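The values are calculated or read from the model by the stated rules, or taken from the named source; none is laboratory data. In this text the structure is predicted, and so the values were computed from the model without any measurement. Here the Cβ positions follow ideal geometry from the backbone for every residue, glycine too, while neighbour counts run over all protein chains shown.
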Amino acid sequence: MAEDLDLDKLHKWDLACANGDFDTVKAMVAEGWDVNADDGDPKQNGWNAGWNGLFRAACFGHFDIVKYLVENGATVGHRTRSGYTALNLAAGNGYIDICRYLLSIGHPPPERKNELQEMDRKDFYDKNGERYKFEYIFRDNYDKIMEGYGQKA
């Protein structure tokens, strides 16, 4: 994240991408907003540091915004500081259409079903100590996502 990035605008951008506010996303891009701007330093912003608009839109299932961001220069295949990609986030929340789109435009496919399990998962436990649904949905959706892609599970 650039030192001089306007944090108020970054917050507005993050919310627009996460909440599916396509009009705000388009307006900010038209004003010259960097579609790859991320939320920066993990020491300041917690476990999801390094998330950009593409990650937020993919995570919350906003296909139209994902496609628009890619068409306007969003980096496909980039990883958050925790190691996640837009594909991981979409898959983890069951957004198969976004996963298939990302794969169709060159996002690197997951190497195997359990790719997420091998990452540092300390931040993905709920208050009862059970794993967050994220990895289970990813694993359950893997075959659907990869259907027709030419890889076997």
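Does the stretch 76-94 contain at least one residue that is modelled with pLDDT under 75 and of a type in the set (A, V, I, L, M, F, W, C)?
There is no residue in the stretch 76-94 that is modelled with pLDDT under 75 and of a type in the set (A, V, I, L, M, F, W, C).
Go over the candidates ASP97, ASP140 one by one and state the one that is farther than 20 Å from ASP38 by Cβ, charged (D, E, K, R) and at pLDDT 80 or above.
Exactly one residue qualifies, and that residue is ASP97.
Name the single residue that is modelled with the lowest pLDDT among those in the stretch 46-75 being hydrophobic (A, V, I, L, M, F, W, C) and surrounded by fewer than 19 Cβ atoms within 10 Å (Cβ to Cβ).
This residue is TRP47.
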